[in-house]
Amino acid sequence: MRFHGGYLPRVAGRPSSMIRHAPVPDQLVIRLRQGGMTYHGAVGNGETVAFGSPLAWAEGAGGRIALPAPVTGVVSIDADASALTLKVTNAETTPVWPRQPPERIPAEAIRESLACGGLWPLIWSSRTGGMPMLDGSEEPRRILVNFLATEPFRTRGKVVLQAHWEQVLTGLRYLSRLLAEYGLVHLVLTEPDDPVAHALQKETTGQVWMHLETAPLRYPVEHPRVLCGALRRGDRTVKPDETIWILDAQAVQAVGACLGEGLPLHERIVAVGGPGAANPGHLRVRIGTPLDRVLDAADLDETRQQVLRGGLMRGTPVQAADAVKYDDDAFFVLPRPAKREFLGFVNPGFDRVSILPCFASRLTGAADRTITASLRGERRPCIACGLCEEVCPRGLLPQVLHRYLYRDAIDEAERTGLPLCIGCGLCSYVCPSKIELRHEFAQAQDRLRREHEQAQAVETVNEQREESRQHEKEHSEDWRK
Ligand code: SF4
Ligand code: SF4
């Protein structure tokens with residue numbers, strides 16, 4: 001696969017491959033807004049729901065998607081109806097649906113099970129730029145299964161494979177049933193001589209629909225748009241209008257558990273790492289577990305550490321009152337320093353987060369960066385070093401976009417490729433002036449979206465007026481006749 005730009009941040013606190021079990025708490029909290037969708041409760045206050053029954057439904061993608069209950073328990077609905085609390089009465093997991101072998105189950109039944117099992121939103125489609133259509137109107141020619149995680153630190157595909165080898169292989173077999181005729185499943189790994197790649201190759205010998213692909217270990221290779229672009233560039237047989245679906249290893253494992261064992265999505269393997277993590281590793285957590293319980297299980301203390309939901313590049317600060325969601329796979333931990341470092345940014349030490357050559361940390365090349373939740377220095381101007389341009393995986397010129405946006409020239413920024421930015425945050429990470437480029441571009445994209453929607457609304461109103469004028473004219477001519 002051909003990949004443009006990128007960079008592999010070397011950050012301390014890489015999670016070990018070990019997966020520990022976080023205990024199931026007495027209560028789970030299920031938010032009704034997840035993955036950009038709003039779910040509507042399917043249960044009433046005080047009702048007892050069985051493991052796997054739908055707690056809520058969301059309409060979208062040509063069908064209905066469920067939020068299944070991760071335990072058996074008693075429901076109480078929050079006062080503002082934004083979340084459900086489940087008082088756990090039984091945390092056991094038992095099959096909810098009968099198992100059907102992959103070769104006999106129709107594609108429609110697979111889609112239905114994945115929607116009822118809460119798994120459909122874990123699939124990304126190049127056609128919609130989000131989850132695929134549920135009504136069967138799109139059949140992918142390619143399904144990419146990504147085993148890479150380069151953003152510090154997300155759950156690695158190899159960790160999932162080691163723990164759930166059979167479920168991942170089962171998931172792949174079911175997914176192949178959703179392919180269009182002569183479609184292919186591509187497994188994306190790092191190197192062909194990797195032992196996991198060898199084992200996968202051996203396991204899939206003779207299955208012509210399965211291909212192994214290798215991609216460089218550079219962030220953000222795992223981003224769906226970047227993976228699609230890399231596949232299209234590297235494989236001339238991929239047509240520009242071909243639909244590509246992308247899933248990560250954990251989603252495929254969940255597909256295997258859902259269709260092969262009748263289990264809905266009920267738990268996540270999350271990587272807890274970063275320079276502030278006392279014991280970096282992976283945790284198996286039940287969906288809905290309050291984050292303060294996750295922090296306890298990972299030996300973290302909110303007063304001494306700042307926790308981001310997601311990886312270092314795109315993570316957002318969490319609130320202890322929040323809970324594990326259906327698509328969580330990482331909590332990145334930063335130490336909270338006691339005080340701000342005076343003029344810290346002028347010290348070219350070994351622990352500065354930068355790939356700029358003037359920083360001594362560039363020379364060491366190891367996991368040597370010390371990242372904290374503190375701010376270093378003040379806002380500084382762009383020094384035109386070009387590092388952001390060098391790493392941008394979309395081939396953009398972030399420094400030029402920044403200059404246009406600084407002058408409020410949003411149309412020029414749009415013409416220079418602003419809509420293509422995927423918000424990976426790599427430009428902000430490498431910028432020695434620490435300009436918040438990613439944030440700036442996300443705000444500008446929002447503004448563009450709103451302006452386009454307004455323009456579209458005005459155009460529709462004008463068209464309607466024109467139509468009614470035309471209609472009136474025809475009517476008056478008829479009357480005169
Ligand atoms: S955030 Fe946007 S501009 Fe910056 S490196 Fe990523 S894709 Fe490029
Ligand atoms: S990395 Fe920062 S300082 Fe360097 S060119 Fe880009 S915006 Fe300017």
Note to self: Need the C-alpha centroid separation for the range 251-266 versus the range 387-438, integer Å.
What the structure shows: 39 Å
Next item on the list: Write down the radius of gyration of the range 185-226 and its Dmax, each obtained from C-alpha positions, in Å.
Entry: 11.2, 32
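In what sequence, highest mean first, do 130-139, 244-253, 211-220 appear when ranked by Cβ atoms within 10 angstrom? If you can, show how the numbers build up before the last one.
Values: 130-139: 16.5, 244-253: 25.2, 211-220: 19.2.
Listed from highest to lowest mean packing, they are 244-253, 211-220, 130-139.
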Notebook entry, point to check: Using the per-residue mean of other Cβ atoms lying within 10 Å as a proxy for protection, in what order, highest first, do the peptides 119-127, 94-102 fall?
Noted result: 119-127, 94-102
Check: In the range 381-481, what is the volume of the convex hull around the alpha carbon atoms, normalised per residue and reported in Å³?
Finding: 100 Å³
Notebook entry, point to check: Along the charge dipole of the range 19-267, which of A56, L200, M131 sits closest to the positive end, that is, farthest toward it, with unit charges on the beta carbon of Lys, Arg, Asp and Glu (+1, +1, -1, -1)?
Noted result: L200
Item checked: ³J(HN,Hα), Karplus 6.51/-1.76/1.60, whole Hz, each residue of the range 33-49, x for Gly, Pro -> 10, 9, x, x, 10, 9, 9, 10, x, 10, 10, x, 4, x, 6, 9, 10
Item checked: Ascending count of other beta-carbon atoms within 10 Å, so fewest first, for H4, H21 -> H21, H4
Item checked: Cβ charges +1 (Lys, Arg) and -1 (Asp, Glu), total dipole of the range 19-267, debye -> 400 debye
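Rounded to the nearest 20 debye, what is the charge dipole size of the range 87-130 about its Cα centre when +1 sits on each Lys and Arg Cβ and -1 on each Asp and Glu Cβ?
Values: 5 positive and 4 negative charges, 18 e Å.
Once rounded to the nearest 20, the dipole reads 80 debye.
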Margin query: Let's see if you can work this out: charge +1 on each Lys and Arg Cβ, -1 on each Asp and Glu Cβ, no other charges. What is the dipole magnitude of the chain about its Cα centre, in debye to the nearest 20?
Written below: 1340 debye
Next item on the list: Could you state the orientation-averaged shadow area of the convex hull built on the Cα atoms of the range 57-168, in nm² to one decimal?
Entry: 10.0 nm²
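Which pairs in the list K239/K325; K158/K239; K202/K239 are over 32 Å apart, alpha-carbon to alpha-carbon? Intermediate results must be reported in sequence, preceding the final value.
On the way: K239/K325 35 Å; K158/K239 30 Å; K202/K239 29 Å.
Long pairs (Cα-Cα over 32 Å): K239/K325.
Compute the Cα gyration tensor for the chain, then decide on rounded, prolate or oblate, letting a ≥ b ≥ c be the square roots of its eigenvalues: rounded whenever a/c is under 1.5, prolate when a/b is larger than b/c in the other cases, and oblate in all that remain.
On the way: a/c = 1.35, a/b = 1.05, b/c = 1.28.
Note, shape of the chain comes out rounded.
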Item checked: the chain - share of DSSP beta bridges that are antiparallel (%, nearest 5) -> 65 percent
Note to self: Using 0.36 nm times the number of residues separating R64 and R403, minus their current alpha carbon distance, what extension gain do you get?
What the structure shows: 117.6 nm
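Taking the beta-carbon count within 10 Å as an exposure proxy, list K434, K473 from fewest neighbours to most. List each step's numbers first, then the result.
On the way: K434 18, K473 10.
Lowest count first: K473, K434.
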Checklist line | Dipole-positive endmost among L247, I77, C388 within the chain (Cβ charges, Cα centre) | finding: C388
Item checked: Relative packing of peptides 405-412, 201-208 - highest average C-beta neighbours within 10 Å first -> 405-412, 201-208
Notebook entry, point to check: What Kirkwood radius, in Å to one decimal, follows from the Cα pairs of the range 19-267?
Noted result: 19.0 Å
Notebook entry, point to check: 222 nm [θ] for the chain, helices only, -39500 (n - 2.57) per DSSP H run of 4+, per residue, to 500?
Noted result: -9000 deg cm²/dmol
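Each value in this text was obtained by applying a stated rule to the coordinates, not by laboratory testing. As the structure is a prediction and not an experimental result, all values here were calculated from the model. So basically every Cβ, Gly included, is an ideal-geometry build from the backbone, and we count neighbours across all protein chains shown.
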